[in-house]
Amino acid sequence: MDDAESKTSYSHVLKYTGIFGGVQGLNIIIGLVRNKLVALLLGPSGMGLVSLFNSAITFMSQATSLGLSFSAVKHIAEIFDRGDESRILHFIKIIRTWSLITALFGMALCALLGPMLSDYTFSWGDHTLHFILLSPVVGMLAITGGETAILKGARKLRALATIQIYSVFAALVISVPVYYFFGQSGIVPVILLVAMADMAFTIMYSYRFYPLKLNGCRSLIGEGMPMVRLGIAFVLTGIMGSGAEMVIRSFLNVKAGLDIVGLYNAGYVLTVTYAGMVFSAMETDYFPRVSSVNDDVAATNLMVNRQIEVSLLIISPMLALLILALPILMPLLYSHSFAPVVSMAQVAALSMYFKAMSLPIAYVTLAHGDSVAYFILETAYDAMLVLLIVFGYNQWGLIGTGIALTLSYILDLAMILAYAHVRYKYCVSSQVYRYALLQLPLGFSAYAVTHISCEWLYIALGAIITIASGAASAYIIYKKTSLWNKLKSKLLHNG
């Protein structure tokens with residue numbers, strides 16, 4: 001690849017990572033305000049209760065969705081790239097038919113399994129009625145997932161970004177007043193209303209592009225079977241992932257109580273979830289692109305390495321700053337009662353360096369349609385995560401869960417890298433090694449600084465590390481892309 005093509009490749013990855021990362025960043029800012037208010041209104045135990053309900057509902061949703069929200073994206077994207085409009089409309093009817101089937105099935109199953117979910121999730125009281133009342137959420141998530149897949153596959157990126165913004169605003173407007181007036185009694189209504197708002201925004205935009213047509217839907221059930229088969233392993237992977245989260249939170253609940261569950265969830269959200277803003281473009285933009293070149297080893301290697309390089313360069317300065325600023329951020333974003341989770345979140349943030357490298361490689365397995373291999377690799381990771389968190393908490397308490405998260409991502413990267421090299425002949429580029437060797441030591445140095453008790457030395461060394469990481473990333477991105485030249489020419493033209 002010549003220099004111009006290389007810059008174009010970098011610019012594309014950087015552009016869409018920036019767009020969806022920016023939207024996700026705005027969502028995170030709004031979500032931070034919501035979490036701050038909710039934390040003040042409910043406290044750690046209330047946050048733990050929300051986490052337990054959400055984990056159980058997510059588990060039921062993924063267990064009954066048949067993977068349509070993922071497999072449908074791949075199918076629509078392939079048809080969309082061929083420009084076959086009539087085939088797109090036909091396949092959209094197939095997706096909507098199957099989405100309705102999974103919605104009804106998931107809702108009924110959640111209601112029927114209410115007693116079991118109550119016994120497994122909680123160590124006190126009977127919460128069967130709560131799970132019955134929450135069963136419509138499973139159905140709404142299925143409908144929302146199907147319509148979102150349609151928008152992703154058809155490249156309706158602006159609509160997707162708008163829906164995300166509307167949804168997070170709605171969650172803020174709904175949750176704060178309800179929790180203020182009803183406290184923990186408002187948790188179930190909030191989950192229901194937020195899911196309803198999310199579904200309403202999604203179908204509003206999806207139906208605008210592709211109006212709902214119900215005629216002939218019954219005959220389409222059989223045509224959707226290839227899509228369903230592709231999603232089965234993805235479903236099983238989701239079940240294992242959600243199941244692992246349920247096991248972890250249930251273990252912490254039984255072992256230490258709801259307060260620790262709330263603290264763990266806050267630390268997890270601050271590190272794993274919020275750092276995910278950099279990864280938000282992968283399923284929407286990167287996955288369809290890497291799927292289209294999965295038969296070309298050289299093109300796949302190039303695309304994967306480009307994605308890793310950009311992800312690593314963007315996320316590294318953010319992680320260094322996050323690690324150093326957490327003692328200030330945690331009380332601001334939640335409350336002073338969440339201070340014990342700072343040390344756990346600081347060490348857990350290191351895991352995101354390794355996720356930035358492993359996630360683009362993991363998508364290669366899915367791009368080849370090797371869903372069984374993907375399931376095995378993800379299940380191995382989930383098993384490692386549960387075992388490491390149980391061991392880490394028993395040995396070192398809450399900080400041990402942060403250590404466990406980082407170790408699990410390191411082992412996950414090693415497994416995925418080894419499999420991709422043997423199965424798909426994937427090779428890590430010299431640039432990935434170079435950037436990792438540059439940014440990882442800076443990240444671990446930032447964590448080392450957190451153990452310094454002298455305040456002025458903490459600030460000085462932290463500032464040096466953060467600036468060094470940011471400057472290195474900015475310089476490399478400047479050299480690798482043409483975006484700076486485009487910006488200059490636009491400014492000169494406007495001037």
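The values are calculated or read from the model by the stated rules, or taken from the named source; none is laboratory data. Remember, it's a predicted structure, so these values are computed and weren't measured experimentally. Using ideal geometry, Cβ is built from the backbone for each residue, glycine included, and neighbour counts are taken over all protein chains shown.
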Odd one out for Q439, checked against (1) at pLDDT 95 or above; (2) surrounded by fewer than 16 Cβ atoms within 10 Å (Cβ to Cβ): (2)
Yes/no for Y205 being aromatic (F, W, Y) and within 17 Å of N54 (Cβ to Cβ): no
Residue match in segment 304-317 (condition: free of Cβ contacts under 8 Å to residues at least 60 places away in the same chain, crowded, with 21+ Cβ neighbours inside 10 Å and not polar (S, T, N, Q)): yes
Cβ pairs under 9 Å, 6+ apart, first in segment 381-392 and free of Cβ contacts under 8 Å to residues at least 40 places away in the same chain, second of a type outside the set (G, A, S) and crowded, with 23+ Cβ neighbours inside 10 Å: Y381/Y409; Y381/D412; Y381/I416; M384/D412; L388/T401; L388/L405; G392/T401; G392/L405
Residues that are touching a residue at least 40 places away in the same chain (Cβ under 8 Å) and in a loop (DSSP other than H, G, I, E, B), drawn from segment 63-100: S65, L66, G67
Answer from I328, I323 - the residue that is out of contact with any helix residue (DSSP H, G or I) (no Cβ under 8 Å at 6 or more places or on another chain), in a helix (DSSP H, G or I) and either modelled with pLDDT of 90 or more or farther than 30 Å from V73 by Cα (or both): I328
Breaking point among (1) in a helix (DSSP H, G or I); (2) surrounded by fewer than 22 Cβ atoms within 10 Å (Cβ to Cβ), for M357: (2)
Qualifying position, being surrounded by 17 or more Cβ atoms within 10 Å (Cβ to Cβ), touching a residue at least 60 places away in the same chain (Cβ under 8 Å), small (G, A, S) and part of a helix (DSSP H, G or I), among A159, A171: A171
From P177, P136, P115, residue being on the phi < 0 side of the Ramachandran plot, assigned to a helix (DSSP H, G or I) and touching a Ser or Thr at 6+ places or on another chain (Cβ under 6 Å): P115
Residue check for M116: aliphatic (A, V, I, L, M) and crowded, with 17+ Cβ neighbours inside 10 Å: no
So A103, is it under 20 Å from S242 (Cα atoms), touching a residue at least 60 places away in the same chain (Cβ under 8 Å) and touching a Gly at 6+ places or on another chain (Cβ under 9 Å): no
Residue satisfying all of: in segment 191-216; without any contact (Cβ under 8 Å) to a residue 24 or more places away in the chain and among the hydrophobic types (A, V, I, L, M, F, W, C); nearest to L42 (Cα to Cα) among these: L193
Selection from segment 387-399 of residues that are assigned to a helix (DSSP H, G or I) and surrounded by fewer than 19 Cβ atoms within 10 Å (Cβ to Cβ): L387, V390, F391, N394, Q395, W396
Count of residues meeting criterion [touching a Ser or Thr at 6+ places or on another chain (Cβ under 6 Å) and either more than 14 Å from I232 (Cβ to Cβ) or surrounded by fewer than 21 Cβ atoms within 10 Å (Cβ to Cβ) (or both)] in segment 360-383: 3
Conditions (1) at pLDDT 70 or above; (2) within 25 Å of A171 (Cβ to Cβ); (3) buried (at least 22 other Cβ atoms within 10 Å of the Cβ); number of the one not met by L192: (3)
Some residue of segment 419-426 being within 24 Å of the chain's Cα centre (by Cα), in a helix (DSSP H, G or I) and free of Cβ contacts under 8 Å to residues at least 12 places away in the same chain: no
